[in-house]
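Enquirer: Let me give you the structure first, and then I'll get to my questions.
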Amino acid sequence: MSTRFTEPAKTSPSGFSAEAKKHLGQNFLHDTTVIAKIVQALDPKPGDVIVEIGPGQGALTFPLLRRHGELTAIEFDRDLHAPLQAAAREHGTLHLVQGDVLGVDFSALAAELACTDGQIRLVGNLPYNLSSPILFHALDHAAAVRDMHFMLQKEVVERMAAGPGSKVYGRLSVMLQAYCTVTPLFIVPPGAFRPAPKVESAVVRLVPRPAAEVEVGDRRDFANVVRAAFGQRRKTLRNALHGVADSALMEAAGVRPDARAEQVEVAAFVRLANLLGGG
């Protein structure tokens with residue numbers, strides 16, 4: 001049995017560790033052109049309450065502070081808190097929340113931050129291994145979220161925005177588009193990060209639909225139908241939804257039983273789930 005020795009993490013003049021932590025999925029953004037485009041896309045206005053998820057070493061945090069003056073950030077890595085706070089002082093007021101973003105109640109946070117319209121604006125370069133859970137967690141608090149601007153793996157953004165008939169249209173597309181509008185903004189090359197990931201990234205804007213426009217009756221029924229439909233993509237819905245919904249119910253919802261899931265639009269899945277739940 002061999003013992004592996006590692007050198008202590010190097011520290012930059014600003015106090016940040018020079019090394020990203022692979023086990024936390026850290027890839028630090030450093031390209032100033034990309035950062036400026038994200039700030040421009042977010043376009044903060046007076047009175048906006050901005051919450052950044054995963055500020056890392058402040059590449060996006062500090063430009064946002066210079067533009068907006070105040071920012072709340074949620075950071076899991078305790079080692080980043082002290083240098084973030086120290087470096088932020090010359091740019092504006094940074095409020096740091098330590099912990100796992102999946103454990104943060106965005107509705108309570110919006111109330112605590114005394115948002116004028118009761119809503120926060122989310123922004124962040126999300127860990128790619130946690131992107132979907134974070135997206136759905138944010139949508140659980142959609143009434144408290146005005147919009148989201150996230151950096152994600154390009155492939156994920158393509159799936160999020162895909163329409164029926166696309167090879168990448170799937171469960172993620174349907175589940176997100178039922179609750180919000182999804183707009184891909186621009187592609188980001190691997191070299192914009194340190195260390196460089198092996199894939200391209202993209203920035204996407206998500207805007208939750210007003211509650212009155214969300215036609216999903218029961219979220220659990222809807223999720224179950226979509227999961228079952230895409231669980232066996234090669235099968236027709238008659239077979240994929242066997243035991244979930246029969247052909248008569250599908251036809252009543254305007255869904256062809258001989259169609260495959262990737263051919264069915266979001267609204268049709270919503271109608272089917274609502275009929276299944278008796279809505």
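Enquirer: Go through the range 191-213 residue by residue and tally those that are loosely packed, with under 14 Cβ neighbours inside 10 Å and part of a helix (DSSP H, G or I).
Expert: Summing the residues that are loosely packed, with under 14 Cβ neighbours inside 10 Å and part of a helix (DSSP H, G or I) in the range 191-213 gives 4.
Enquirer: Pick from the range 249-277 the residues that are surrounded by fewer than 15 Cβ atoms within 10 Å (Cβ to Cβ) and not small (Gly, Ala, Ser): which of them is farthest from Ala229 (Cα to Cα)?
Expert: Out of the qualifying residues, it is Glu251.
Enquirer: Among the residues of the range 208-219, are any at pLDDT 95 or above and within 30 Å of Phe28 (Cα to Cα)?
Expert: Yes, because at least one residue in the range 208-219 is at pLDDT 95 or above and within 30 Å of Phe28 (Cα to Cα).
Enquirer: When both residues are 6+ apart or on different chains and their Cβ atoms are under 6 Å apart, which pairs have a first residue that lies in the range 259-270 and is in the same structural domain as Ala229 (by TED's automatic domain parsing) and within 19 Å of Ser247 (Cβ to Cβ), and a second that is basic (Lys, Arg) and not in a loop (DSSP other than H, G, I, E, B)?
Expert: none
Enquirer: Here is a further query. Restricting to the range 58-98, count the residues that are touching a residue at least 40 places away in the same chain (Cβ under 8 Å) and aromatic (Phe, Trp, Tyr).
Expert: Count: 1.
Enquirer: Just for the range 70-86: of the residues that are modelled with pLDDT under 95 and closer than 23 Å to Val145 by Cα, which one is surrounded by the fewest Cβ atoms within 10 Å (Cβ to Cβ)?
Expert: Among those residues, the one meeting the criterion is Phe76.
Enquirer: Out of the residues in the range 108-159 meeting the condition of being aromatic (Phe, Trp, Tyr) and not in a strand (DSSP E or B), tell me which one is nearest to Ile38 (Cα to Cα).
Expert: Looking at residues that are aromatic (Phe, Trp, Tyr) and not in a strand (DSSP E or B), I get Tyr128.
Enquirer: Here is a follow-up. Please pick out the residue among Val168, Val216, Val174, Val182 that is part of a strand (DSSP E or B) and either free of Cβ contacts under 8 Å to residues at least 40 places away in the same chain or over 24 Å from Gln40 (Cα atoms) (or both).
Expert: Val182
Enquirer: Which of (1) modelled with pLDDT under 95; (2) touching a Phe, Trp or Tyr at 6+ places or on another chain (Cβ under 8 Å) does Ala178 not meet, given it meets every other one?
Expert: Going through (1) modelled with pLDDT under 95; (2) touching a Phe, Trp or Tyr at 6+ places or on another chain (Cβ under 8 Å) one by one, Ala178 breaks only (1).
Enquirer: So for the range 241-256 (the condition being within 24 Å of Asp147 (Cα to Cα) and without any contact (Cβ under 8 Å) to a residue 40 or more places away in the chain), does at least one residue qualify?
Expert: Scanning the range 241-256 turns up no residue that is within 24 Å of Asp147 (Cα to Cα) and without any contact (Cβ under 8 Å) to a residue 40 or more places away in the chain.
Enquirer: Condition (residue is buried (at least 16 other Cβ atoms within 10 Å of the Cβ) and closer than 23 Å to Phe193 by Cβ) applied to the range 101-108: is it met by at least one residue?
Expert: Yes, the range 101-108 contains a residue that is buried (at least 16 other Cβ atoms within 10 Å of the Cβ) and closer than 23 Å to Phe193 by Cβ.
The values are calculated or read from the model by the stated rules, or taken from the named source; none is laboratory data. These figures come from a predicted structure and were not determined experimentally. Don't worry about glycine lacking a Cβ; one is built from the backbone with ideal geometry, like all the others, and counts go over all protein chains shown.
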